[in-house]
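**Student:** Mind having a look at this structure? Questions to follow.
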Amino acid sequence: MALKFEKTAYLRSAASAGDFLRDSLPQIAFAGRSNVGKSSVINTLAGRKNLAYVGASPGKTSQINYFTVDGKAYLVDLPGYGYAKVSKAERERWGLLMESYLHDEAGLITLGVLIVDARHRPSADDVTMHTWFRETGCREIVVANKADKLKPRETDAAMALIRETLGMAPDEVLLPFSAEKGTGRGQLAVLLDESC
Ligand code: GDP
């Protein structure tokens, strides 16, 4: 089965733990460096152009956005990281929000989706995010976005570099993806459904 994404809608934003959703539906949490294409991946999954706001301003780093999928699961759009121009205060707010979501006593997250750039070695922040997802004890899927920018003969080496840098075990999933071309969309929808 695959999540069908027949009816995906923005639900709410949370700036602190009091606003987190706490019902029994699975929560699929997306994280990634700013500009990696996290909004584009969510839009591609949903088959919608502007569901997750593409090109969000650097000031919007401190909220979590929730979307419902077919009344069956939530997509949880975690605030991006790695903006060059955020204040120390904003970085701290980001850290607190991530920590309170990922370490919530109720165990809110069901599945982590880490989005990295297919063309580059994952950054130190990507490695940290990967570690945080692992620490939740949930399954994680790594999505290598912008794979359309790689030549076919470059793909294997690029995926190996990502696996090596993140210290991924062979059975952990790394999916080459292109939000622009839709590559990997069907596979990701199946992987997400398995978590629900
Ligand atoms: P976010 O900050 O992570 O939410 O990133 P966005 O979704 O706003 O995308 C950042 C930029 O990358 C935009 O200019 C997108 O058009 C571009 N982009 C996103 N996904 C892809 C992709 O798969 N391939 C290519 N070539 N560009 C992409």
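**Student:** Quick one: putting +1 on the C-beta of Lys and Arg, -1 on the C-beta of Asp and Glu, what dipole do you get for the range 5-195 around its Cα centre, in Debye to the nearest 20? If you can, show how the numbers build up before the last one.
**Tutor:** Details: 24 positive and 24 negative charges, 164 e Å.
The calculated dipole for the range 5-195 is roughly 780 debye.
**Student:** So for I42, I64, I115, fewest C-beta neighbours within 10 Å to most, what's the order? Intermediate results must be reported in sequence, preceding the final value.
**Tutor:** Details: I42 24, I64 21, I115 27.
By the 10 Å Cβ count, ascending, the order reads I64, I42, I115.
**Student:** Let me ask something else. As a check on your grasp of the helix formula, calculate [θ] at 222 nm for the chain: sum -39500 (n - 2.57) over DSSP H runs of n ≥ 4, divide by the residue count, round to the nearest 500.
**Tutor:** Numbers: 5 runs with 58 residues, N = 196.
For the chain, the value works out to -9000 deg cm²/dmol.
**Student:** On a C-alpha basis, how far is the centre of the range 130-155 from the centre of the range 91-109 in Å? Whole number, if you could?
**Tutor:** Answer, in whole Å: 21.
**Student:** Which order do S13, S178, S87 fall in if you start with the one that has the fewest other Cβ atoms within 10 Å? Display every interim value, and only then the final one.
**Tutor:** Details: S13 14, S178 21, S87 10.
Least to most surrounded, the residues fall as S87, S13, S178.
**Student:** Also, quick follow-up: Here are some pairs, K4/K149; K85/K146; K49/K88; K72/K149; K49/K72; which of them have Cα atoms lying more than 30 Å apart in this structure?
**Tutor:** Working: K4/K149 27 Å; K85/K146 23 Å; K49/K88 32 Å; K72/K149 33 Å; K49/K72 21 Å.
Beyond 30 Å: K49/K88; K72/K149.
**Student:** Considering only DSSP beta bridges whose two residues both sit in the range 45-196, what percent are antiparallel, to the nearest 5?
**Tutor:** 35 percent
**Student:** With r as the distance between the Cβ atoms of E194 and E135 and R0 = 22 Å, compute the FRET efficiency 1/(1 + (r/R0)^6) and round to 0.05. Can you show the working numbers first?
**Tutor:** Values: r = 21 Å, r/R0 = 0.96.
With a Förster radius of 22 Å, E is 0.55.
**Student:** Report the relative contact order of the range 5-195, percent, no decimals, based on alpha-carbon pairs under 8 angstrom and at least 6 residues apart. Please list the in-between numbers first.
**Tutor:** Values: 333 pairs, mean separation 45.6, N = 191.
The normalised contact order for the range 5-195 reaches 24 percent.
**Student:** Figure the gain on full extension for E6 and S123 (residue separation times 0.36 nm, minus the Cα-Cα span) and round it to one decimal in nm.
**Tutor:** On the way: separation 117, 0.36 × 117 = 42.12 nm, distance 3.43 nm.
This chain segment gains 38.7 nm when fully extended.
**Student:** If you build a Gaussian network model of the chain, linking Cα atoms that sit under 10 Å apart, which residue out of A157, A31, A179 swings the most?
**Tutor:** Residue with maximal mean-square fluctuation among A157, A31, A179: A157.
**Student:** Provide the three semi-axes, in whole Å and in decreasing order, of the ellipsoid equivalent to the chain as defined by the square roots of 5 times the Cα gyration tensor eigenvalues. Walk me through the numbers before you get to the answer.
**Tutor:** On the way: eigenvalues 108, 79, 56 Å².
They are 23, 20, 17 Å, listed largest first.
None of the figures in this text is laboratory data; all of them are computed from the coordinates on show. Since the model is a prediction, treat every value here as computed from it, not as a measurement. Note: ideal-geometry Cβ built from the backbone for every residue, glycine included; neighbour counts use all protein chains shown.
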